[in-house]
Amino acid sequence: MTDRSLDEIIAENLAAVRARIARAAADSGRDPGDIRLIAVSKTFGLDAVRAAIAAGQRDFGENKVQEGLTKIDALAASPEVADSLRWHLIGHLQSNKAKRAARPFDAIHSIDSLDLLAKVDAAAHDVRRKPELLIQVDLAGEATKFGAAGDAVREILRAGEQLTAARIVGLMVLPPFYDDPASARPYFRQLRALRDALLADGVPAAMLRELSMGMSHDFEVAIAEGATMVRVGTAIFGLRAKPDPKP
Ligand SMILES: *Cc1c(COP(=O)(O)O)cnc(C)c1O
């Protein structure tokens, strides 16, 4: 046999990514166990997700509600596996889809308004789920992205103290794409500085536990700046067939 199977390729890619995470953690004196790898399976099929599961991966990220739902439902046929998985919605979420997102996703990284926060919490309450929420932050100079800026982040955190079902657990950033990973560093650093400022202002630490930042080509930089969740697609599953359509 000359061609490697999908299972082998994904297992090797995952091992390589885990090794990169371990090295990056060691370089900055961090425990690699404090960094959660989210395998971003968007645009890839169930065969790819199953291969990653077989290689021990448990956290998966999707950027569209419906696409995630399709995979989650298909995998639910084998509950002994499905129950151990954690699904992260990492893409923009419209308020009118909050209801659909609340049941399947364990974590939603794209909370960017009070309205969305309230709708996700109400929907989670209805379906008896307790999703973890991250506030997607729009850092200065990043006006083309989704996300909450400055005061809006504080407002969302304040409202987050009164939730009935969901819980805010941290912050997320999606910097503009740069070829040079080092160019993303200021965004990662700013997100951590914002977290530290909010902690100093008395925001409960449990609401600021996670920093979701870093993708395939720059997660080492993000880890050096304090990432606790890295969202990695290409380095695990390969190149996506199409670029993401602009929302
Ligand atoms: C697609 C995507 C990723 C993963 O990107 P890769 O470069 O393939 O690792 C991470 N975060 C978000 C929000 C994404 O949409």
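The values are calculated or read from the model by the stated rules, or taken from the named source; none is laboratory data. It should be emphasised that the depicted structure is a prediction, and the values quoted were computed from it without experimental measurement. When we count neighbours, we look across all protein chains shown, and the Cβ atoms used for this are built from the backbone with ideal geometry, even at glycine. These accessible areas exclude ligands, DNA and RNA; they are computed on the full protein's heavy atoms, side chains included. Shrake-Rupley method; radii C 1.70, N 1.55, O 1.52, S 1.80 Å.
Just a few scattered comments:
- Unique match (being more than 20 Å from residue 224 (Cβ to Cβ), free of Cβ contacts under 8 Å to residues at least 24 places away in the same chain and assigned to a helix (DSSP H, G or I)) among 158, 154: 158
- For region 2-25, the criterion of being within 16 Å of the ligand (Cβ to nearest atom) and in a loop (DSSP other than H, G, I, E, B) is met by none of the residues.
- Checking each residue in region 186-212 for being open to solvent by 60 Å² or more (accessible area, probe 1.4 Å), under 19 Å from residue 107 (Cα atoms) and not basic (Lys, Arg) picks out 205, 206.
- Within region 145-161, restricting attention to residues that are closer than 18 Å to residue 199 by Cα and either at pLDDT below 95 or among the polar types (S, T, N, Q) (or both), the residue that is least open to solvent (accessible area, probe 1.4 Å) is 148.
- Subset of region 1-55 [more than 23 Å from residue 77 (Cα to Cα) and of a type in the set (Lys, Arg)]: 4, 18, 20, 23, 30, 36
- Subset of region 31-84 (residues that are open to solvent by 60 Å² or more (accessible area, probe 1.4 Å), out of contact with any Leu (no Cβ under 9 Å at 6 or more places or on another chain) and within 16 Å of the ligand (Cβ to nearest atom)): 36, 43, 66
- Taking each residue of region 26-50 that is closer than 19 Å to residue 236 by Cβ and looking for partners that are surrounded by fewer than 11 Cβ atoms within 10 Å (Cβ to Cβ) with beta-carbon atoms closer than 8 Å, six or more apart or interchain, yields 43/241; 43/242.
- Within this structure, residue 82 passes the test of being at pLDDT below 95 and closer than 23 Å to residue 123 by Cα.
- Here residue 219 does not qualify as buried (at least 17 other Cβ atoms within 10 Å of the Cβ), away from the ligand (no atom under 12 Å from the Cβ) and either small (Gly, Ala, Ser) or under 24 Å from residue 13 (Cβ atoms) (or both).
- Scan of region 73-96 for residues that are without any contact (Cβ under 8 Å) to a residue 24 or more places away in the chain and either under 25 Å from residue 137 (Cβ atoms) or not in a helix (DSSP H, G or I) (or both), ordered by number: 76, 77, 78, 83, 94, 96
- Checking residue 99 against (1) closer than 15 Å to residue 63 by Cα; (2) outside any strand (DSSP E or B), the condition it does not meet: (1)
- Taken across region 177-185, residues that are open to solvent by less than 60 Å² (accessible area, probe 1.4 Å), within 14 Å of the ligand (Cβ to nearest atom) and not hydrophobic (A, V, I, L, M, F, W, C) do occur, with at least one present.
- Unique match (being under 20 Å from residue 31 (Cα atoms), outside any helix (DSSP H, G or I) and either within 13 Å of the ligand (Cβ to nearest atom) or not basic (Lys, Arg) (or both)) among 163, 211: 211
- As a summary of the residue check, residue 171 satisfies the conditions (1) within 27 Å of residue 125 (Cβ to Cβ); (2) within 13 Å of the ligand (Cβ to nearest atom); (3) buried (at least 22 other Cβ atoms within 10 Å of the Cβ) except for the one numbered (2).
- Enumeration of residues in region 213-244 that are basic (Lys, Arg) and under 17 Å from residue 109 (Cβ atoms): 231
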